[in-house]
Amino acid sequence: MAIKPVIVVDAGHNGGNASDPDAVNRQVPAGRGATKPCNTTGTVTESGYPEHAFTFDVARRVSDALDAKGLRVVNTRADDTGVGPCVDERAAIGNEAEADAVVSIHADGNIAEGARGFHIAYSDPPLNPAQEGPALELADAMLAAMSSSGFAPAGYIGEGGLDGRADLAGLNLSERPAILVECGNMRDAADAAVMTSPEGRQRYADAIVAGIFGYLD
């Protein structure tokens with residue numbers, strides 16, 4: 001029997017983070033000798049729709065689709081009411097699962113005028129073989145899938161929709177191919193309109209699933 005690929009789906013933030021600032025502000029390892037807060041509350045749209053709700057909804061849609069296609073899915077959180085897990089714990093989940101791919105789902109909160117579009121972060125410079133090659137292949141596959149699904153890459157950060165980062169703990173600490181997808185900018189009205197609609201969240205989920213399969217293929 002063929003071994004099913006393992007995909008870790010990481011919904012950014014959590015709905016209970018704001019209720020426990022001591023827990024989420026606790027410093028944890030962030031890789032490269034640095035520390036950072038356990039987690040954050042995330043951003044919101046101008047109308048108040050929170051990032052944690054967006055990421056959890058999209059993550060559930062992604063997980064359901066992957067499960068229906070026969071993949072093994074591990075989620076970093078089971079609800080949108082808890083606190084954490086911390087960013088180092090999220091990386092550990094992927095490592096312990098020996099994930100074939102780790103996809104962290106987020107949304108940006110940039111307030112600059114005209115800041116819109118998606119971008120995909122990856123660990124740079126790489127710290128291990130998984131980050132050096134496979135993670136870049138995963139990022140490229142996700143970029144292609146998001147673009148072909150009609151989402152425009154961000155012009156305000158990174159380059160062409162890709163953004164190498166050295167400050168993201170979940171990527172730094174990952175020993176598996178891992179990326180972080182900033183689906184769009186919640187503070188931009190056009191992006192927010194897509195994120196706040198169930199149809200828009202399904203579009204994001206479909207694109208992310210396509211990116212995962214593009215990488216696995």
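The values are calculated or read from the model by the stated rules, or taken from the named source; none is laboratory data. Since this is a predicted model, take the numbers as computed values, not measurements. In this analysis, Cβ positions are derived from the backbone assuming ideal geometry, glycine residues included, and neighbour counts consider all displayed protein chains. All accessible areas refer to the heavy atoms of the entire protein, side chains included, with ligands and DNA or RNA removed. Shrake-Rupley method; radii C 1.70, N 1.55, O 1.52, S 1.80 Å.
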> Taking region 54-96 as the search range and keeping residues that are polar (S, T, N, Q) and within 12 Å of the chain's Cα centre (by Cα), which one is farthest from V9 (Cα to Cα)?
Replying inline: T55
> Considering region 11-43 alone, what residues qualify as being touching a residue at least 40 places away in the same chain (Cβ under 8 Å) and among the acidic types (D, E)?
Replying inline: D20
>> Need the failing condition index for G84 against (1) outside any loop (DSSP other than H, G, I, E, B); (2) out of contact with any helix residue (DSSP H, G or I) (no Cβ under 6 Å at 6 or more places or on another chain); (3) open to solvent by less than 40 Å² (accessible area, probe 1.4 Å); (4) not aliphatic (A, V, I, L, M), just the number.
In response: (1)
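Any idea which residue in region 168-207 is surrounded by the most Cβ atoms within 10 Å (Cβ to Cβ), counting only those that are in a loop (DSSP other than H, G, I, E, B) and in contact with a strand residue (DSSP E or B) (Cβ under 7 Å, 6 or more places away or on another chain)?
Here is the first cut: in region 168-207, the ones in a loop (DSSP other than H, G, I, E, B) are 168, 173-177, 186-188, 196-197.
Imposing the further condition that a residue be in contact with a strand residue (DSSP E or B) (Cβ under 7 Å, 6 or more places away or on another chain) reduces the set to 168, 173-174, 176-177, 186.
On the way: L168: 24, L173: 24, S174: 29, R176: 23, P177: 23, M186: 26.
Only one residue fits best here, namely S174.
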> What are the residues in region 1-51 that are over 21 Å from the mean Cα position of the chain (by Cα) and closer than 30 Å to P198 by Cβ, if any?
Replying inline: K4, S19, D20, E46, S47
> Would you pick out the residues in region 110-125 that are open to solvent by 30 Å² or more (accessible area, probe 1.4 Å) and either touching a residue at least 12 places away in the same chain (Cβ under 8 Å) or at positive phi (or both)?
Replying inline: N110, I111, A112, G114, R116, Y122, D124, P125
> Is it the case that N75 is closer than 20 Å to I120 by Cα, surrounded by fewer than 18 Cβ atoms within 10 Å (Cβ to Cβ) and not aliphatic (A, V, I, L, M)?
Replying inline: yes
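Per-residue answers, yes or no, for (1) polar (S, T, N, Q); (2) free of Cβ contacts under 8 Å to residues at least 24 places away in the same chain:
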{"position": "I157", "(1), (2)": "no, no"}
{"position": "L162", "(1), (2)": "no, no"}
{"position": "N172", "(1), (2)": "yes, no"}
{"position": "P177", "(1), (2)": "no, no"}
{"position": "A190", "(1), (2)": "no, no"}
{"position": "A193", "(1), (2)": "no, yes"}
{"position": "G200", "(1), (2)": "no, yes"}
{"position": "R203", "(1), (2)": "no, no"}
{"position": "A210", "(1), (2)": "no, no"}
>> So E98 ticks every box in (1) open to solvent by 30 Å² or more (accessible area, probe 1.4 Å); (2) under 27 Å from V44 (Cα atoms) but one. Which box is left unticked?
In response: (2)
